[in-house]
Structures are given as C-alpha cells and as structure tokens.
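We did not get these values from a lab; they are worked out from the coordinates using the rules stated. Remember, it's a predicted structure, so these values are computed and weren't measured experimentally. Note that we place each Cβ from the backbone using ideal geometry, even for glycine, and neighbour counts take in every protein chain shown.
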C-alpha cells in the first residue's frame, strides 16, 4: 500500500501497517498473509505443505536417504543456505548407497509455482503432466512449500 494509505490506517487505529514497496502482486506471490473475500478462488498457498523434506547440494545421497527414510512423496528439495531452490532429488531414482554429493545427481532447476497461483488450474496442470507434486517458491526462488496432488484428484 502507499505510504499515505498506511499512515491514514494507523491514524484510524489499525496496526501494524506496512508500506510494502514491491507491491501487492509480489506480496501474494510470496505467500504472505492477506485479508480477502470469502468467495475468492483458492490459491496454492491455501493448501501447500510447508513441512518439506530438504537437503543441501553438499549432502551425500546416502545420508539424505537414511535421514528421510523414503518418507513423503519421495522427493527432497535441494536448497542453498539462503533457502533458494537449487534442485530436486527423487529418492526413487537414486541408489540408496550412493556416496556422491546431492548436487551430482539432483535434477537442477525444477519447475516451481508461486504461492498465489490458482489452485484449480495448478492441480489441472499437475494432472495433465502426471506430476505428483510441485515446489512452491517466492519470487526470489526461496522455498515456501510443496503442493501434493491427492489420488482422488486423478
């Protein structure tokens, strides 16, 4: 919102109010909280799983496999120290005893979706591409979560 509007809202007793320079579209794409009409279409941020298995490019594959014990949908999001998505490790496509580094076997630059993407359209695209999950990131590529397609959505 504009600085003038923020000051006016604070004068009326609302708070805290922030002047977010990047704008509303960036705020929504980052999955930040909003107040919206109850009848708006669902967004990816409304249902994404924020508890996502992660690993670093410098981790060893064998250590990641042991740590995750083939949990969730079998993916580990590879991210750097700033939580920026670097790749995806598909546990069903690696040798559990592989001592190489994750960065050597990961799928680099996986497709990501913004948190404000319409849920119905995203699920439809996932169904068309037979994707079980999609990584959700903010406009800077920082991991926010994963959207998983349920079997009843097939």
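Numbers below:
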| quantity | calculated |
| --- | --- |
| Listed values (i) 12, 45, 36, 7, 0; (ii) 10, 24, 20, 15, 9, 7, 7, 5, 2, 0; (iii) 10, 33, 29, 16, 9, 2, 0, entry calculated as P(r) over Cα pairs in 10 Å bins from 0, in percent | (iii) |
| Segment residue 10-residue 150, extension gain: residue separation times 0.36 nm, minus the distance between their alpha carbons | 46.1 nm |
| Rough spin-label spacing in nm, given labels placed 7 Å along Cα→Cβ, for residue 129 and residue 100 | 2.4 nm |
| Length added when fully stretched, residue 40-residue 63, from 0.36 nm per residue minus Cα-Cα | 4.0 nm |
| Relative contact order (percent, whole number), the chain, Cα cutoff 8 Å, 6+ residue spacing | 25 percent |
